[in-house]
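As structure tokens, the structure follows; a few thoughts come after it.
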Amino acid sequence: MNSASIDNKLIKNRYRADCETCLGLCCVALPYAKTADFAFDKAGGIPCRNLQEDYRCSIHTQLRKSGFRGCTVYECFGAGQKVSQYTYDGQDWRDNTATAKEMFNVLPIMQQLHEILYYLHEALHLKEAQPIHEHLKLAIVETERLTQLNLHHQLSCNFQLLIIVLQLTPCWCKQVNGYVLM
Ligand code: SF4
């Protein structure tokens, strides 16, 4: 295995859910509705009734059979452990209602930032994207910086996220797909 593929693997692991170090955030923060993917309705900010005290899922091995296909395909891209252990330094959302509310608001924003980082790193390993490598590297640094902001700044990230995407998209389209946008 060459160093580029090792690096790629490390990066992919960083932007992949690690439920062992997450405080079950997606099972509380996110809402879901009774559909083919979920067996019942749940509002955002309310713990799923299958979530145990130790943040593990009581039906983990039978999710699909139990009507929770949606849980088997959800990917937080490592946002859950980042919010739990980095942004909130391991604080338990059960201990403080105000902190819990903030964590639940930050999670989907962190998820978007981590998803973007995953694809930016993936693009760095594509030969076709070579002409925009420098743009990609800058976008990675800037997006990574956003993931490290304190919680109040995190909550305004949606706007900054949009700026990054808008800055990158014309460059990507023009150089990779051959479109003339400017
Ligand atoms: S069913 Fe399990 S994995 Fe899905 S939200 Fe509930 S506790 Fe989490």
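The values are calculated or read from the model by the stated rules, or taken from the named source; none is laboratory data. This one's a predicted model, so the numbers in the text were calculated from it and none came from an experiment. Here the Cβ is made from the backbone with ideal geometry for all residues, glycine too, and neighbour counts use every protein chain on show.
Find the residue count for segment 59-79, including only residues that are small (Gly, Ala, Ser), closer than 14 Å to residue 25 by Cβ and within 11 Å of the ligand (Cβ to nearest atom). Selection size over segment 59-79: 0. The residues listed here are 56, 16; of these, the one that is within 9 Å of the ligand (Cβ to nearest atom), surrounded by 13 or more Cβ atoms within 10 Å (Cβ to Cβ) and in contact (Cβ under 8 Å) with a residue 12 or more places away in the chain is 56. Comparison of 43, 39 shows that the only residue that is within 15 Å of the ligand (Cβ to nearest atom) and surrounded by 15 or more Cβ atoms within 10 Å (Cβ to Cβ) is 39.
Inspect all residues belonging to segment 47-57 and state whether any of them is closer than 16 Å to residue 111 by Cα and in contact with a Leu (Cβ under 7 Å, 6 or more places away or on another chain).
Start the filter on segment 47-57 by keeping residues that are closer than 16 Å to residue 111 by Cα, which leaves none.
Looking for residues that are closer than 16 Å to residue 111 by Cα and in contact with a Leu (Cβ under 7 Å, 6 or more places away or on another chain), one finds none in segment 47-57, hence no.
Can you list the helices (runs of 4 or more DSSP H) found entirely within segment 1-110 that contain at least 2 residues being at pLDDT 95 or above?
Values: elements: 3-14, 26-29, 69-73.
Once the helices (runs of 4 or more DSSP H) in segment 1-110 are filtered for at least 2 residues that are at pLDDT 95 or above, what remains is 26-29, 69-73.
So how many residues does segment 61-90 have that are closer than 22 Å to residue 15 by Cβ and either touching a Lys or Arg at 6+ places or on another chain (Cβ under 7 Å) or not hydroxyl-bearing (Ser, Thr, Tyr) (or both)?
Just the residues of segment 61-90 that are closer than 22 Å to residue 15 by Cβ, to begin with: 70-90.
With either touching a Lys or Arg at 6+ places or on another chain (Cβ under 7 Å) or not hydroxyl-bearing (Ser, Thr, Tyr) (or both) added as a condition, the list becomes 70-73, 75-83, 85, 89-90.
The total comes to 16.
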